[in-house]
1. Compute the acute angle (0 to 90°) between the alpha-carbon long axis of helix 46-68 and the principal axis of greatest extent of the alpha-carbon atoms of the chain; round to the nearest 10°.
2. On the full set of protein chains, 1.4 Å probe, figure out the accessible area of K61 and give it in Å² to the nearest 10.
3. If you take the charge dipole of the chain about its Cα centre, with +1 on Lys and Arg Cβ and -1 on Asp and Glu Cβ, which of L73, F34, F55 is farthest toward its positive end?
4. Calculate what fraction, in whole %, of the accessible area of the chain sits on carbon and sulfur atoms when a 1.4 Å probe is rolled over the protein chains.
5. Tally Lys/Arg at +1 and Asp/Glu at -1 over every other residue whose Cβ is under 15 Å from the Cβ of E25; what's the total?
6. Obtain the nm distance between the two label points defined at F31 and L72 by a simple spin-label model: each point lies 7 Å from its Cα along the Cα-to-C-beta direction.
7. Rounded, prolate or oblate: which one fits segment 14-79, using the alpha carbon gyration tensor with axes a ≥ b ≥ c (rounded when a/c is under 1.5, else prolate when a/b beats b/c, else oblate)?
8. Subtract the Cα-Cα distance of L65 and N21 from 0.36 nm times their separation in residues, and report this length gain in nm to one decimal.
Amino acid sequence: MQHAKAENEVYSILQNLIVGNSPEELEDMIFHVFEDANLQSGDLSQEERSLRSEFHIASRKILRLLCKHPDLLRKLKDA
């Protein structure tokens with residue numbers, strides 16, 4: 001896939017998520033997805049737990065920044 005096409009696809013997916021949900025709603029969804037996944041995961045290695053935790057923290061940080069900076073949110077919605 002060409003870089004520009006891939007970039008447009010990423011923006012499109014993000015736009016669909018952000019337009020249809022507030023950052024707070026997305027943050028709640030991510031929390032519940034990870035909570036459910038952790039309950040059903042059984043025995044995870046420490047590395048897998050660490051990777052999940054890093055992704056969860058990064059996702060929540062992005063969404064919180066979007067809440068604090070509506071101009072960034074608007075830019076993504078308009079991209």
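The values are calculated or read from the model by the stated rules, or taken from the named source; none is laboratory data. Predicted model only: the values in this text are computed from it and were never measured. All Cβ positions, even for glycine, are placed from backbone atoms using ideal geometry, and neighbour counts span all protein chains on display. The area values use the complete protein model at the heavy-atom level, side chains included, leaving out ligands, DNA and RNA. Shrake-Rupley method; radii C 1.70, N 1.55, O 1.52, S 1.80 Å.
1. 30 degrees
2. About 130 Å², ignoring ligands and nucleic acids.
3. Sorting the options by dipole projection puts first L73.
4. On the way: 3510 of 6280 Å².
Solvent-exposed carbon and sulfur of the chain make up 56 percent of the total.
5. Values: positive: R60, R64, K77; negative: E24, E27, D28.
Surrounding charge for E25 is 0.
6. Taking the two extended label points, one gets 1.9 nm.
7. On the way: a/c = 3.10, a/b = 2.31, b/c = 1.35.
It is prolate, given that a/c is not under 1.5 and a/b is the larger ratio.
8. Details: separation 44, 0.36 × 44 = 15.84 nm, distance 1.52 nm.
Going from the current span to full extension adds 14.3 nm.
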